[in-house]
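Heads up: the structure comes next, in structure tokens.
A short reminder: the numbers here are calculations on the coordinates, not readings from a lab. Since the structure is predicted, the reported quantities are computational estimates derived from the model, not experimental observations. Note: ideal-geometry Cβ built from the backbone for every residue, glycine included; neighbour counts use all protein chains shown.
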Amino acid sequence: MSDDSGVAVLDPPVSEQAAPPPVRRKRKRHKHNLAGYGFLAPWLIGLFAFTLIPMVYSLYLSLTKFNLLTAPQWIGFENYTRLFSDERYLQSIKVTLLYVVTSVPLKLAAALLVAVALNRGLRALGFYRATFYLPSLLGASVAVSVMWRQIFSRDGLVNQFLGVFGIQGADWIGDPRYAMWTLVLLSGWQFGTPMLIFLAGLKQLPQDLYEAAAIDGAGRFTVFFKITLPLLSPMVFFNLVLETINAFQTFTPAYVISNGLGGPIDSTLLYTLYLYLKGFGSMQMGYASAMAWVLFAVIGLFTAIYFWSARRWVNYAD
Amino acid sequence: MSISRRGLFGLAGGIAAASVAGCGFAPTSSGGAANNSLTFRWWGGEARNKAYQSALQIFTQKTGTKVDAQYSGYDGYFNKLNTEFAGGNPPDLFQMDTALVSTYAAKGVLTDLSQYIPNTIHLDTLYQAVRGAGAVGGKTYGVPSGSGYAPVLYDKTIFEQAKIPVPADTWTWDDFGRIAGELSKAMGQGKYGALDASKDDSGALQPWLRQRGKDLYNDEGKLAFTKDDLAEWFTMWDKLRKAGAICPPEMLANTDSAAGNHPLISGNIAMTTGWGLAQMQPLTQHTLDIVVVPRGSNGKTGQALNGGVLLCIPVKSKNPEAAAKLIDLFVSDIDAIKAMALSRGIPPSSKALEALTPSLSAADKRDVTYSQYVADEVAKDGLPNAPTAPPGYNDAKTALDAAAKQVAFGKMSIPDAVAQYFRDAEAALQGAK
């Protein structure tokens with residue numbers, strides 16, 4: 001602060017500013033930067049206090065044995081080597097990959113479908129948009145997961161509905177063959193955010209291409225696959241990256257629907273849920289930190305692959 | 001487009017901020033330095049919270065010490081506590097799960113309470129069997145605040161409708177299987193006589209092992225039964241499962257909390273281990289009752305009295321003397337005992353019970369007479385007290401749950417599941433030392 005005011009006192013009169021010496025110019029720029037950093041401070045403090053410092057600390061913890069209560073003991077890379085002989089860990093990777101490769105396409109397809117349906121000059125567009133966004137607004141909340149649990153439980157809404165037709169529904173939450181799909185379905189239902197982005201993208205598409213296609217007598221599907229989808233590919237790319245990262249980090253629905261255990265028989269043991277169970281349940285925070293860093297690397301890898309492949313299929317107008 | 005997207009991200013940011021704020025930790029015990037106040041943390045339902053608070057009022061009246069009460073549900077309780085311990089700022093006194101006391105004691109964060117016994121904390125009124133509930137390696141780290149035996153809880157209304165006599169106190173595991181089978185037939189398709197208890201360590205497996213002169217753990221914190229024992233246990237349940245006497249494994253999804261979708265409450269099963277009357281009766285119109293866990297062929301119940309919840313003082317407590325006085329209030333102060341009634345389990349002393357009995361509700365009285373009956377039967381068993389659950393107990397429990405369900409879902413053979421359990425449980429117990 002004192003430095004700031006000192007600079008202010010040294011500030012040259014206006015007349016001198018026409019040809020200021022280089023040193024002064026440097027100071028001047030510095031002063032500008034300082035103000036900028038001042039405005040950035042809230043974000044910077046947040047970045048350091050809540051992201052960067054904890055990340056560095058967790059990197060350190062991942063190389064230790066840490067039970068939360070006594071001081072961490074340095075054990076080098078043991079946590080990382082142990083990971084791949086841990087059967088539950090491998091199971092959690094299997095579950096998570098299955099979740100990511102099914103839920104992301106489902107969600108994006110639902111989002112795109114609804115966005116295209118809404119992009120036809122509906123009168124109450126705002127209303128529909130808000131309605132379809134509502135599930136995402138509730139987001140990964142506990143309330144929605146609890147509701148989902150009720151809907152798919154043995155005596156829940158789905159089975160009552162099936163019962164009307166004389167079908168005895170399965171125990172969707174309790175059966176390891178189905179429990180995972182209730183999570184995928186929940187994720188697919190919350191397509192609001194990518195839908196809004198798609199909708200915004202659709203509104204920007206140049207109409208002349210559509211007019212030309214109409215003159216050429218192109219059918220609806222041709223128009224969609226030859227014009228809409230290629231032009232929309234930057235949005236698809238953006239959503240794909242975001243939703244993949246989100247899917248890898250999914251925690252709440254699996255936690256609530258499986259009562260915090262990842263069951264039945266680890267069929268919903270998503271990566272972050274196992275991480276949580278290891279860190280806070282078994283008090284192996286070092287191990288959990290190592291898991292977090294492996295996840296970080298995997299997400300980074302997926303994102304890198306997306307960006308590398310984007311050159312081949314993402315079509316920027318310019 | 002940029003506007004809508006910015007709006008979008010602003011919205012997402014707002015939601016994120018709100019959710020972060022929502023799970024933030026409440027500031028704790030910052031003013032605890034003064035010697036006339038102390039922070040006390042526990043988990044509990046509404047009944048326990050009210051009961052504890054009225055006891056704390058009595059404490060403040062009698063000693064002039066103010067108590068900062070911090071309470072929540074069990075979910076996340078230990079996560080939060082661990083974070084406070086890690087930050088060097090634990091509460092001055094807190095409620096502990098009996099099964100976890102050795103885990104914390106091994107890490108050196110709990111005060112040895114021996115220094116306060118018998119001058120400040122009067123343990124002599126406690127039942128002999130629970131006095132050691134908080135003992136680890138010869139030191140007392142916790143004092144029990146309640147006690148109990150895990151019974152078999154059954155739906156009396158279903159028994160009456162099926163015209164099947166309710167289980168007698170003398171019933172054995174063979175009787176259990178037979179009655180469960182009869183119930184399944186009488187109740188109709190999709191309903192079953194009993195819950196699959198092959199995963200229930202303290203409510204079913206422990207008494208079964210103790211009936212055979214074994215136990216879950218020994219004093220050294222190692223498993224006190226063999227692979228053959230566990231294979232026999234799994235086989236017994238597997239036969240019942242295949243005969244349709246107990247529920248299929250899909251039904252186990254809702255059995256971890258007392259709620260309307262627990263199969264006993266939704267009427268899909270008629271008997272379960274591991275639950276008491278007090279938690280479940282309020283949830284159903286049916287009449288529930290309890291009976292002792294099936295006996296061994298030698299007539300022993302094998303029951304082990306558990307200390308319920310313990311009260312512990314962290315090493316870093318800012319006011320350990322007052323905390324010790326508060327512990328004493330819970331175990332020996334008649335006014336406080338009356339104020340708390342059964343909200344914390346059966347009081348762990350005969351003095352407390354005598355003072356309480358006249359004012360109890362019918363269901364509460366049933367709980368009391370049941371536990372007195374079991375206490376007498378346990379005395380007849382002549383078995384040693386069950387050792388304190390060792391460090392790593394929680395992971396060993398999870399391993400049993402996993403192995404039992406692998407068998408139940410038919411994903412693993414019994415020998416494979418037994419091998420997996422022994423590998424995982426032994427690693428957990430070893431690793432926690």
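Remark on B:Thr140: its backbone amide H falls under 5 Å from those of B:Leu113, B:Ser114, a criterion applied only to residues 5 or more positions apart or on other chains, H modelled at 1.01 Å from N.
What angle, in degrees between 0 and 90 and rounded to the nearest 10, separates the Cα long axis of helix B:2-22 from the longest principal axis of the Cα atoms of chain B? Helix B:2-22 sits at roughly 90 degrees to that axis.
Which of the peptides B:419-426, A:307-314, A:279-286, A:114-121 is most tightly packed, and how do the rest follow, going by the mean number of other Cβ atoms within 10 Å of each residue? Can you show the working numbers first?
On the way: B:419-426: 18.2, A:307-314: 11.2, A:279-286: 22.0, A:114-121: 15.4.
For the peptides B:419-426, A:307-314, A:279-286, A:114-121, the packing ranking is A:279-286, B:419-426, A:114-121, A:307-314.
On the principal axes of its alpha-carbon atoms, the stretch B:142-270 has extents of 47, 36, 30 Å, going from largest to smallest. Summarising the strand pairing of chain B, around 60 percent of its internal DSSP beta bridges are antiparallel. Percent of Cα pairs in the stretch A:165-318 per distance bin of 10 Å, from zero to the largest separation: 9, 26, 27, 20, 13, 4, 1.
How high is the relative contact order of chain B? Use alpha-carbon pairs under 8 Å, at least six apart in sequence, and give a whole percent. All intermediate terms of the calculation are to be shown ahead of the outcome.
Working: 731 pairs, mean separation 110.0, N = 433.
Computed value for chain B: 25 percent relative contact order.
Per residue of peptide B:317-328, the mean number of Cβ atoms on other chains within 10 Å of the residue Cβ is 0. For A:Lys65, a cut-off of 13 angstrom between C-alpha atoms picks up these aspartates and glutamates, skipping any fewer than 8 places away in its own chain: A:Glu78.
Of all DSSP-defined beta bridges confined to the protein assembly as shown, some 60% are antiparallel rather than parallel.
For the stretch A:44-126, the list of chymotrypsin sites (Phe, Trp or Tyr not before Pro) that fall in a loop by DSSP and count at most 13 other C-beta atoms within 10 angstrom reads A:Phe77, A:Phe84. Does anyone have the angle between helix B:173-187 and the longest principal axis of chain B? Alpha-carbon axes, 0 to 90°, nearest 10? Helix B:173-187 sits at roughly 80 degrees to that axis.
According to the square roots a ≥ b ≥ c of the eigenvalues of the Cα gyration tensor, what is the shape class of the protein assembly as shown, taking rounded for a/c under 1.5, prolate for a/b larger than b/c otherwise, and oblate for the remainder? Don't skip to the answer; put the middle values down first.
Numbers: a/c = 2.21, a/b = 1.41, b/c = 1.57.
Cα axes put the protein assembly as shown in the oblate bin.
Ratio of Rg to Rh for chain B: 1.00 [Cα atoms; Kirkwood radius as inverse mean 1/r over pairs].
Longer than 27 Å from Cα to Cα, which of A:Lys278/B:Lys222; A:Lys107/B:Lys191; B:Lys185/B:Lys397; B:Lys107/B:Lys397; B:Lys156/B:Lys351; B:Lys156/B:Lys191 are they? Say none if no pair is.
Too far apart for the 27 Å limit: A:Lys107/B:Lys191; B:Lys185/B:Lys397; B:Lys156/B:Lys351.
Work through the residues other than B:Thr120 whose Cβ is under 15 Å from its Cβ and net out their charges, Lys, Arg +1 and Asp, Glu -1. Walk me through the intermediate numbers first.
Values: positive: B:Lys62, B:Lys325; negative: B:Asp92, B:Asp112, B:Asp124, B:Glu321, B:Asp328, B:Asp333.
The answer is -4.
Once you list every other residue whose beta carbon is under 11 Å from the beta carbon of A:Ala170, what net charge do they have if Lys and Arg are +1 and Asp and Glu are -1? Result for the local shell: -1. Across peptide B:77-87, the mean count of Cβ atoms from other chains lying within 10 Å of each residue's own Cβ comes to 3.
Shape annotation for the stretch A:34-129: C-alpha extents along the principal axes are 64, 51, 21 Å, from largest to smallest. Report note on the peptides B:310-319, B:406-415: ranked by the mean count of other C-beta atoms within 10 Å, highest first, their order is B:310-319, B:406-415. In this structure, the amide hydrogen of B:Lys66, modeled 1.01 Å from its nitrogen in the peptide plane, lies closer than 5 angstrom to those of B:Ser37, B:Leu38, counting only residues at least 5 positions away or on a different chain. A simple count of charges around A:Glu87, restricted to other residues whose Cβ falls under 13 Å of its Cβ and scoring Lys, Arg +1 and Asp, Glu -1, yields +1. Among the residues of A:277-283, the average count of other protein chain beta-carbon atoms within 10 Å of the residue beta-carbon is 5.
Taking amide hydrogens as placed 1.01 Å from N in the peptide plane, the amide H of A:Asn315 sits under 5 Å from those of A:Ser233, each at least 5 positions away in sequence or on another chain. Report summary: the helix-based calculation at 222 nm, which adds -39500 (n - 2.57) for every DSSP H run with n ≥ 4 and divides by the residues of chain A, gives -21500 deg cm²/dmol. Ranked for footprinting exposure by Cβ neighbours inside 10 Å, fewest first, A:Asp208, B:Asp201 give A:Asp208, B:Asp201.
Judged by the gyration tensor of its Cα atoms, with axes a ≥ b ≥ c, chain A is oblate; a/c meets the 1.5 cut and b/c is at least as large as a/b.
Per DSSP H run of n ≥ 4, the term is -39500 (n - 2.57); total these for chain B, divide by its residue number, and report the mean residue ellipticity at 222 nm rounded to 500 deg cm²/dmol. Don't jump to the answer; show the numbers that get you there.
On the way: 16 runs with 187 residues, N = 433.
Taking each H run of at least 4 residues, the total per residue is -13500 deg cm²/dmol.
Averaging the sequence gap over all C-alpha pairs within less than 8 Å and six or more residues apart, then dividing by the number of residues, gives chain A a relative contact order of 26 percent.
The translational diffusion coefficient of the stretch B:201-334, from Stokes-Einstein at 25 °C and 0.890 mPa s with a Kirkwood hydrodynamic radius over alpha carbon pairs, comes to 134 µm²/s.
For A:Ser309 and A:Tyr80, calculate 0.36 nm times their separation in residues minus their Cα-Cα distance, and state this gained length in nm to one decimal.
On the way: separation 229, 0.36 × 229 = 82.44 nm, distance 2.94 nm.
Result for the pair: 79.5 nm of gain on full extension.
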